[in-house]
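**Q** Would you mind keeping the following structure in view while I ask a few things?
The values are calculated or read from the model by the stated rules, or taken from the named source; none is laboratory data. Note that the coordinates shown come from a computational prediction; the quantities given were computed from them, not determined experimentally. Don't worry about glycine lacking a Cβ; one is built from the backbone with ideal geometry, like all the others, and counts go over all protein chains shown.
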């Protein structure tokens with residue numbers, strides 16, 4: 001009987017419920033190799049895939065057009081060839097950005113932190129490091145190496161400028177790359193998330209307070225303040241001529257372009273700060289999420305057991321999943337929830353559970369003690385829809401559904417601090 005006094009369907013307790021609408025990103029398993037990325041795979045330096053996002057081509061075209069206009073004033077004799085030089089500059093600039101990201105990657109690998117990928121995209125690049133640093137000192141170093149490499153590149157290009165004639169194509173290219181790398185370094189050193197300077201600030205506050213979450217909150221709010229400053233301050237500086245440009249009239253093309261650029265940068269910083277805060281909140285709550293608490297209790301059934309009988313046994317035991325076992329009681333397969341839904345009630349007495357089961361493969365056995373990032377890493381390594389959860393002794397504990405894991409992680413991210 002249910003709480004309303006109505007008779008309860010004996011099969012109801014193990015009927016899989018429809019998944020709730022997603023409210024955010026969950027710990028989804030990675031797609032098969034070669035389909036993962038969000039862009040064009042360019043290579044695997046240090047074993048880490050590097051992708052170029054489609055948005056990069058838009059930015060490369062914009063850089064080519066803007067730098068080509070500057071070359072027309074500096075080197076008018078180039079004619080239309082100036083756009084080839086500008087395209088070379090755009091590619092070289094993003095090669096510098098890749099070096100910046102590789103610095104983060106090498107440091108992360110040195111600290112034994114897995115790096116999922118590097119992506120070159122709109123306004124820069126991203127190194128996706130899957131784990132948090134173990135100490136504020138390592139966090140500081142991991143963040144600082146990127147701007148440091150950009151400063152080193154700026155110095156290298158400055159030294160190259162001394163070896164060529166000014167006002168020539170090599171001289172203009174080297175000057176542009178020197179200035180752009182200097183800007184990248186200084187911009188990334190600004191003390192707000194998601195910039196490298198924000199991660200450095202986070203490390204400092206973490207060191208002082210002893211709590212990584214306190215550092216994240218401080219750096220995220222500084223990042224949001226920085227976003228507002230960029231939104232208001234960049235167009236104001238340009239309009240007043242503080243950046244060395246001729247003072248434009250409000251409403252002209254240059255003024256509108258500066259305002260649009262400021263809005264885009266501010267949106268990127270604001271969104272990145274919010275994402276950093278949400279991910280930190282998730283990581284703080286990861287230890288609460290264990291395989292044991294997320295697992296559906298299961299009953300063992302033999303492969304020839306009719307589905308209706310298996311569901312009856314599960315209901316009597318208060319279980320919500322079925323595990324197929326051999327005559328010796330060893331688990332061999334999991335009955336898929338989606339397959340149960342597809343069998344009409346009137347056919348369930350005639351359908352053996354073995355026909356609805358998925359064989360247990362390597363990696364589909366999960367320890368009930370796994371929790372937090374260890375649990376996530378295990379599920380990423382062996383993607384599946386369900387896993388058999390076992391005790392340390394090898395005894396069957398239940399079945400873990402990735403849908404349940406995703407809902408738990410979304411719920412953890414949605415809870416306020």
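**Q** Restricting to the stretch 101-122, and then to whatever is closer than 21 Å to residue 265 by Cα and out of contact with any helix residue (DSSP H, G or I) (no Cβ under 6 Å at 6 or more places or on another chain), can you tell me which residue is surrounded by the fewest Cβ atoms within 10 Å (Cβ to Cβ)?
**A** Going through the qualifying residues, I end up with 119.
**Q** Quick one: count up the residues across the stretch 302-326 that are surrounded by fewer than 15 Cβ atoms within 10 Å (Cβ to Cβ) and in contact with a strand residue (DSSP E or B) (Cβ under 7 Å, 6 or more places away or on another chain).
**A** 4
**Q** Turning to a different aspect of this structure: Go through the stretch 201-219 and give me each residue that's touching a residue at least 40 places away in the same chain (Cβ under 8 Å) and more than 15 Å from residue 277 (Cα to Cα).
**A** 204, 207
**Q** Mind checking whether some residue in the stretch 64-78 is modelled with pLDDT under 95 and within 20 Å of the chain's Cα centre (by Cα)?
**A** No: the stretch 64-78 contains no residue that is modelled with pLDDT under 95 and within 20 Å of the chain's Cα centre (by Cα).
**Q** What number goes with the only condition from (1) modelled with pLDDT under 85; (2) more than 27 Å from the chain's Cα centre (by Cα); (3) surrounded by 18 or more Cβ atoms within 10 Å (Cβ to Cβ) that residue 340 does not pass?
**A** (1)
**Q** Determine whether residue 286 is closer than 30 Å to residue 132 by Cβ and in a helix (DSSP H, G or I).
**A** So residue 286 fits the description; yes.
**Q** Taking the options 88, 140, 144, name whichever one is over 28 Å from the mean Cα position of the chain (by Cα) and either crowded, with 18+ Cβ neighbours inside 10 Å or closer than 24 Å to residue 59 by Cβ (or both). Please lay out each step first, then the result.
**A** Details: 140 fails: over 28 Å from the mean Cα position of the chain (by Cα); 144 fails: over 28 Å from the mean Cα position of the chain (by Cα).
Within the list 88, 140, 144, the selection yields 88.
**Q** Under 6 Å by Cβ, and 6 or more places apart or on different chains, what pairs join a residue from the stretch 250-268 that is closer than 29 Å to residue 198 by Cα and not assigned by TED's automatic domain parsing to the domain that holds residue 237 with one that is modelled with pLDDT of 60 or more and not in a helix (DSSP H, G or I)?
**A** Close Cβ pairs satisfying both conditions: none exist.
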